[in-house]
Amino acid sequence: MREFAQILVIGGGPAGSTAAGLLAREGFEVTVVEREKFPRYHIGESILPSSLPILNLLGAREKIEKHGFQVKRGVFFQWGPDEWSLSFNELGDTTAYAWQVVRSQFDEILLDHAAELGADVHQGVTVRKIEFDRGGRAVAAEWVDSTDSARSGRIAFDYVVDASGRGGVFANRYLKNRRYNDRFKNIAAWKYWKGTGQLAGNLEGATGVCSTPGGWFWVIPLHDGTVSVGYVSNRDRFNERRAELGGNDAVYDEAVEQCPGVKELLRGAEAISDIRLEQDYSYSAESFTGPGYVLSGDAAAFLDPLLSTGVHLATYSGMVAAASLSSVLRGELTEGESFGFYQRMYRRAYERMVLLVSAFYESYRGKDYHFYHAQGLSAREKDELSLHDTFLRIISGIEDMEDAKEAAYDLVVSDLTGKRGGDRNPFNHLQRMRDEPVAPEKAVDGLYLTFTPRLGLMRVTPTR
Ligand code: FAD
């Protein structure tokens, strides 16, 4: 391991490998330390279409395509009184899709790709301490071999990206600024199944989301023929039911019985894993940046999995962090300007999803209510989009991508260009060559994300 890196990235999940890959591609000296040896298990299998432009930018799309993950065409809700399907290609692009991935494989592809782009990746290495200088600036990390504590060392850096996930090296150990969201004090309990049926009305490969009296289920079909079926419920309620019924499996089974769609899906199917549990998983750090550091992905904030937003927020924040750091390291912007942009963009994306998910928990009302709610969360002109389209744009991650880039120039590779075109198509909008100046009112603090000629942040040129 080197003793100095321009940028140290802690964690090789989607946030860390996106940030590391993009920074290495920009020519910076990047070291990644990942505690585990990949492939390692991780929950979070349902990916959003916003991953396509980010994978294009990384140059990793082809590898993901080739791997043969289950293609995901949309989302199917059985929520309260309503059932509705949302197909990603309803926005006018027949090429819009995402994947359901086995995370151990997906994450390994992305981390290996970051190494191919030039990042110096060390697996099985844990960061155990961060050093700050007298002014509170993060300047170095102490690391230890995850399985051999006799092997340890120190690495100094100019900047560090904390992408350590829920463990949150900075937020939990040093900043103590992680705040849990009372609205989502939930427990998730899930198993993998084989020999299942299909959810009635579901699109090919779509995620199923089905409410029950005490919570909701996710249904995620994977390319290896198994299906991930998870039950999410309020923590107190889950604990009460466990005390009464005598175990986690019994709570899960009771919920299956109460959910006709999932009950039918699992009729005759075989559970091929033990039950797994996660709890208390919605939080946000008060600040996502500080002197010498940025927090990316789950290390900064995490949201209940209802809309499958975790990997989107991780790769999105990894991309914006890479752009922000690139501009600082090239001397184009000050750290304050650049980190301010990062914080605003990531927080906006996160909070929009929080508001949308909250509305689902507050009511088991039907789809019109949630479409209407989504409209208030979009920056687009109200008459530009229908309620349905706005909801779809937000839950596909496209709204965030456009916010960051807003009328910026093109998004590098463009094999996604929609056949039908037209302004309703967010993918076209993302990839269209634009050479007009950015409208100042659309930039954030006078800055916007750009991909050409280099990844970075640009200042809006004032128009006369
Ligand atoms: P991670 O993927 O957690 O990566 C962090 C990495 O840092 C890990 O590999 C870890 O080993 C490493 N690390 C930690 N500490 C250290 C250290 N000290 N030194 C070195 N390395 C370290 N998201 C979706 O998109 N779709 C879903 O369907 C979905 N479902 C979910 C269901 C549940 C129940 C939960 C809890 C989450 C779900 N998520 C989902 C969220 C998703 O799992 C995360 O948001 C995503 O993995 C975040 O990526 P990340 O890179 O920030 O963190």
Can you tell me which residue among Ala189, Ala243 is open to solvent by 20 Å² or more (accessible area, probe 1.4 Å), of a type outside the set (Ser, Thr, Tyr) and over 21 Å from Gly74 (Cβ atoms)?
Ala243
Which condition breaks for Trp84 when tested against (1) open to solvent by 20 Å² or more (accessible area, probe 1.4 Å); (2) in contact (Cβ under 8 Å) with a residue 40 or more places away in the chain?
(1)
Hey, can you tell me all the residues within the stretch 24-34 that are crowded, with 21+ Cβ neighbours inside 10 Å and touching a strand residue (DSSP E or B) at 6+ places or on another chain (Cβ under 7 Å)?
Ala24, Phe28, Val30, Thr31, Val32, Val33, Glu34
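Which residue, of Leu203, Leu175, Leu199, is over 20 Å from the mean Cα position of the chain (by Cα) and at pLDDT 95 or above? Explain how you work it out, then say what you get.
Details: Leu203 fails: at pLDDT 95 or above; Leu199 fails: at pLDDT 95 or above.
It is Leu175.
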Looking only at residues that are of a type in the set (Phe, Trp, Tyr) and not in a helix (DSSP H, G or I) in the stretch 134-181, which one is surrounded by the fewest Cβ atoms within 10 Å (Cβ to Cβ)?
Tyr180
Being open to solvent by 30 Å² or more (accessible area, probe 1.4 Å) and in contact (Cβ under 8 Å) with a residue 60 or more places away in the chain is the requirement here; does Arg235 meet it?
no
Just one of the numbered conditions (1) modelled with pLDDT of 95 or more; (2) open to solvent by 10 Å² or more (accessible area, probe 1.4 Å) is not true of Asn89; which one?
(1)
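Output the number of residues of the stretch 133-173 satisfying the condition of being away from the ligand (no atom under 12 Å from the Cβ) and free of Cβ contacts under 8 Å to residues at least 60 places away in the same chain. Full working, then the answer.
Residues of the stretch 133-173 away from the ligand (no atom under 12 Å from the Cβ): 133-140, 147-154, 156-159.
From what is left, the residues that are free of Cβ contacts under 8 Å to residues at least 60 places away in the same chain are 133-134, 140, 147-152.
Count: 9.
So which of Arg276, Arg348, Arg352 is within 16 Å of the ligand (Cβ to nearest atom), within 15 Å of the chain's Cα centre (by Cα) and over 22 Å from Glu34 (Cα atoms)?
On the way: Arg276 fails: within 15 Å of the chain's Cα centre (by Cα); Arg348 fails: within 16 Å of the ligand (Cβ to nearest atom).
Of Arg276, Arg348, Arg352, the one residue that is within 16 Å of the ligand (Cβ to nearest atom), within 15 Å of the chain's Cα centre (by Cα) and over 22 Å from Glu34 (Cα atoms) is Arg352.
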Exactly one condition in (1) on the phi > 0 side of the Ramachandran plot; (2) modelled with pLDDT under 95 is not met by Trp216; state its number.
(1)
For the stretch 309-329, how many residues meet the condition of being more than 16 Å from Tyr448 (Cα to Cα) and touching a Lys or Arg at 6+ places or on another chain (Cβ under 9 Å)?
1
In this structure, is Thr196 outside the structural domain of Ser358 (by TED's automatic domain parsing), away from the ligand (no atom under 12 Å from the Cβ) and surrounded by 16 or more Cβ atoms within 10 Å (Cβ to Cβ)?
yes
Kindly indicate whether any position in the stretch 62-72 is at negative phi, within 14 Å of the ligand (Cβ to nearest atom), modelled with pLDDT under 95 and within 20 Å of the chain's Cα centre (by Cα).
yes
Taking only the stretch 288-326 into account, find how many residues are at positive phi and either surrounded by 24 or more Cβ atoms within 10 Å (Cβ to Cβ) or within 6 Å of the ligand (Cβ to nearest atom) (or both).
2
Only one of Val121, Val102 that is open to solvent by 10 Å² or more (accessible area, probe 1.4 Å), over 27 Å from Glu335 (Cα atoms) and either among the hydrophobic types (A, V, I, L, M, F, W, C) or within 10 Å of the ligand (Cβ to nearest atom) (or both)
Val102
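Would you say Gly59 is modelled with pLDDT of 95 or more, in contact with a His (Cβ under 6 Å, 6 or more places away or on another chain) and either within 16 Å of the ligand (Cβ to nearest atom) or not assigned by TED's automatic domain parsing to the domain that holds Asp304 (or both)?
On the way: modelled with pLDDT of 95 or more: yes; in contact with a His (Cβ under 6 Å, 6 or more places away or on another chain): no; either within 16 Å of the ligand (Cβ to nearest atom) or not assigned by TED's automatic domain parsing to the domain that holds Asp304 (or both): yes.
It is false that Gly59 is modelled with pLDDT of 95 or more, in contact with a His (Cβ under 6 Å, 6 or more places away or on another chain) and either within 16 Å of the ligand (Cβ to nearest atom) or not assigned by TED's automatic domain parsing to the domain that holds Asp304 (or both).
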If we ask which residues in the stretch 26-51 are among the charged types (D, E, K, R) and more than 9 Å from the ligand (Cβ to nearest atom), their number turns out to be 3
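Need a quick list: strands (runs of 3 or more DSSP E) entirely within the stretch 24-133 having at least 3 residues that are touching a helix residue (DSSP H, G or I) at 6+ places or on another chain (Cβ under 6 Å) and more than 19 Å from Ala314 (Cα to Cα). It would help to see each step written out before you state the result.
On the way: elements: 30-34, 70-72, 74-79, 82-87, 98-100, 120-123, 125-132.
Here the list reads 82-87.
The values are calculated or read from the model by the stated rules, or taken from the named source; none is laboratory data. What you see is a predicted model; the values in this text were computed from it and never measured. Counting neighbours? That spans all protein chains shown, and the Cβs are built from the backbone with ideal geometry, glycine included. Side chains included, ligands, DNA and RNA excluded: accessible areas come from the protein's heavy atoms. Shrake-Rupley method; radii C 1.70, N 1.55, O 1.52, S 1.80 Å.
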